[in-house]
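Contents: one structure, followed by commentary.
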Amino acid sequence: MNPARQAVADAHRHEWAAVLAATVRVTRDLDLAEECVQDAYAAALGDWTRGGVPSKPGAWLTTAARHNALDALRRARTLRSKLHLLVEPERAGAPASDGDDRLRLVFLCCHPALAVEAQVALTLRVVCGVATPDVAKAFLVSEPTMAARITRAKKKIATAGIPFRMPGAAELPARVDAVLTVIHLLFTTGHTAPTGPELTRTGIAEHALDLARLLHGLLPGECEVRGLLALLLANHARRATRTADDGRLLLLEEQDRSVWDAGVIAEAHELVVGALRGGGPGRFALQAAIAALHASAPSYSDTDWPQILVLYNALLKVWPSPVVALNRAVAVSMADGPAPALAEIESLERDGGLVGYRYLPAVKADLLRRLGKAPEAAAEYERALALTDNEAERAFLLGRLSETGGTPSSKD
């Protein structure tokens with residue numbers, strides 16, 4: 001790749017959100033801002049090929065995009081009709097920084113007026129600069145479907161007059177939590193794809209990690225922001241060992257820990273310490289502490305399961321989710337044995353909060369297998385298979401089903 005093309009690609013990954021946020025401030029129209037930024041990147045490729053890459057590519061792109069925006073507004077003579085986004089007034093003598101604008105952009109895309117799936121799609125498209133066809137591929141929907149979803153989200157922002165501003169002090173905790181939830185959902189979708197032939201979608205996971213780093217850089221004092229970044233890092237450090245060369249899913253106890261990214265794990269550990277230091281840790285800080293314990297154990301047999309169970313008990317108090325309860329049951333099985341964990345799983349089944357969740361029968365099947373109840377385990381593996389669309393996970397479950405003497409149904 002020639003230097004100019006590489007510089008444009010690097011600037012797209014690292015500068016897109018800042019350039020777009022600065023342009024929205026001029027246009028006050030998200031669609032127009034996107035067009036102007038795309039034109040700036042296209043112009044950069046030719047200009048930088050001819051004249052060399054500038055010392056500050058982000059500043060060059062921001063200036064070019066803002067000029068494009070001003071030209072477009074002058075040509076159309078519709079400056080006032082383009083005030084779809086209500087920008088908060090600037091305080092005298094305190095112009096917004098690039099960081100402020102990027103954070104406004106993140107909060108805009110993760111506004112609670114939008115459905116969660118729209119928040120996720122819009123964040124990928126607008127904040128990460130992922131092209132609409134690629135967003136569609138990531139979520140296995142058609143390009144027209146994803147384009148319509150993103151367009152509807154933009155129209156809702158415009159018609160509802162959602163402001164391009166930082167939330168007020170009273171709104172901030174809930175809004176930060178919404179942003180963290182969207183980023184975590186993005187990472188989860190990439191870390192273990194819900195459908196498709198591959199276990200992971202690395203590009204999506206890395207976009208989520210980039211967003212978490214951006215948010216941490218802009219809100220370094222927020223413990224839950226530290227916690228989310230630590231959680232993502234601790235999990236992403238294992239990415240190279242989660243499947244074998246033939247694509248087979250590898251359980252945690254099978255993974256080669258010498259290949260894990262020790263530098264990333266150390267960074268996660270440092271962030272966890274900072275996230276827990278504030279007192280009263282939240283759900284992301286506690287999840288990060290659990291992930292860090294897994295990542296730092298020298299071997300699977302050396303995992304501190306009693307401490308992990310303590311952390312799950314605390315997590316269940318601050319975030320009483322049935323998924324957390326399911327994960328806690330796995331920790332119970334490792335600390336106290338499969339029998340008490342099976343009782344907890346059966347209680348979760350009676351509550352009905354995880355109907356249709358593929359990991360519930362998968363966990364139950366594993367506990368029954370460990371207890372020597374092969375026929376019952378086989379039935380649960382069948383249930384899990386019926387709910388699973390990821391091919392790597394299906395292959396793993398089919399292998400377990402065979403081990404327990406079960407026979408795949410015709411649809412499997």
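The values are calculated or read from the model by the stated rules, or taken from the named source; none is laboratory data. Quick caveat, the model's predicted, so the values are computed rather than measured. So basically every Cβ, Gly included, is an ideal-geometry build from the backbone, and we count neighbours across all protein chains shown. Ligands, DNA and RNA are stripped out before the accessible areas are found, and what is left, the full protein with its side chains, is counted by its heavy atoms. Shrake-Rupley method; radii C 1.70, N 1.55, O 1.52, S 1.80 Å.
I'd like the carbon and sulfur percentage of the solvent accessible area for region 231-309, probe radius 1.4 Å, heavy atoms only, ligands and nucleic acids excluded. Intermediate results must be reported in sequence, preceding the final value.
Values: 1870 of 3640 Å².
Ligands and nucleic acids excluded, carbon and sulfur reach 51 percent.
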Report summary line: CD proxy, 222 nm, the chain: helix-only mean residue ellipticity via -39,500 (n - 2.57) per DSSP H run with n ≥ 4, per residue, nearest 500, stands at -21500 deg cm²/dmol
Report summary line: With DSSP loop assignment and no more than 15 other C-beta atoms within 10 Å, the GluC sites (Glu not before Pro) in region 161-227 are GLU171, GLU198
Query raised in the report: Simple spin-label model, 7 Å along Cα-to-Cβ: ALA244 to ASN313 in nm?
Result: 3.9 nm
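Determine the sum of side-chain charges near ALA314: Lys and Arg each +1, Asp and Glu each -1, restricted to other residues whose C-beta is under 13 angstrom from that of ALA314. List each step's numbers first, then the result.
Values: positive: ARG283, LYS317, ARG328; negative: none.
With Lys, Arg at +1 and Asp, Glu at -1, the neighbours total +3.
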Report summary line: Expressed as a whole-number percentage, the relative contact order of the chain with C-alpha contacts under 8 angstrom and at least six residues apart is 11 percent
Requested in this report: State whether region 126-219 is rounded, prolate or oblate according to the following rule on the C-alpha gyration tensor (a ≥ b ≥ c being the square roots of its eigenvalues): a/c under 1.5 gives rounded; otherwise a/b larger than b/c gives prolate, and the remaining case gives oblate.
Outcome: oblate
Query raised in the report: What's the tally of Lys pairs in the chain whose alpha-carbon atoms lie under 25 angstrom apart, where the two lysines are 8 or more places apart or on different chains?
Result: 10
Query raised in the report: Taking the alpha-carbon centroid of each part, what is the distance from region 318-368 to region 19-46 in angstrom?
Result: 48 Å
Query raised in the report: What are the trypsin sites (Lys or Arg not before Pro) within region 250-310 that DSSP puts in a loop, where the Cβ has at most 14 other Cβ atoms within 10 Å?
Result: none
Query raised in the report: So which residue, out of LEU250, LEU61, LEU180, gets the largest mean-square fluctuation from a GNM of the chain using Cα contacts under 10 Å as springs?
Result: LEU250
Report summary line: Any residue on another chain or 5+ positions along whose placed amide H is under 5 Å from the amide H of PHE164 is listed here as LEU86, VAL87, GLU88
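Measure off, as a whole percent, the carbon and sulfur share of the 1.4 Å-probe accessible area of region 130-206, all protein chains present. Before the final figure, lay out the partial values.
Values: 2140 of 3490 Å².
Taking all protein chains in place, region 130-206 shows 61 percent carbon and sulfur surface.
Rounded to the nearest whole Å², what accessible area per residue is found for the chain with the 1.4 Å probe? Write down the numbers at each step before the final one.
Values: 19230 Å² over 412 residues.
Per-residue accessible area for the chain comes out at 47 Å².
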Query - Cα gyration tensor, region 307-357 - rounded (a/c under 1.5), prolate or oblate - result: oblate
Query raised in the report: What's the center-to-center distance, using Cα atoms, between region 379-412 and region 202-256 in Å?
Result: 27 Å
Report summary line: Looks like region 169-315, by Cα gyration tensor root eigenvalues a ≥ b ≥ c and the a/c under 1.5 rounded cutoff (else prolate when a/b is bigger than b/c, oblate otherwise), is oblate
Query raised in the report: Spin-label point model (7 Å from Cα, Cβ direction): what's the THR188 to VAL355 distance in nm?
Result: 2.0 nm
Query raised in the report: For region 101-154, what is the relative contact order in percent, using Cα pairs closer than 8 Å and at least 6 residues apart in sequence?
Result: 30 percent
Report task. Could you list which residues have their amide H under 5 Å from that of HIS111, counting only those 5 or more apart in sequence or on another chain, with H placed in the peptide plane? Result -> none
Report summary line: Sequence order, region 243-251: Karplus ³J(HN,Hα) from phi using 6.51 cos²θ - 1.76 cosθ + 1.60, θ = phi - 60°, Hz rounded, Gly and Pro as x, gives 9, 6, 4, 8, x, 5, 5, 10, 5
Query raised in the report: Calculated from the structure, P(r) over Cα pairs in 10 Å bins from 0, in percent equals which of (1) 5, 21, 33, 28, 11, 2, 0; (2) 4, 19, 28, 24, 14, 8, 2, 0; (3) 4, 16, 19, 20, 19, 13, 6, 1, 0?
Result: (2)
Query raised in the report: Using a 1.4 Å probe on the protein chains only, how many percent of the accessible area of region 315-373 belongs to carbon and sulfur?
Result: 53 percent
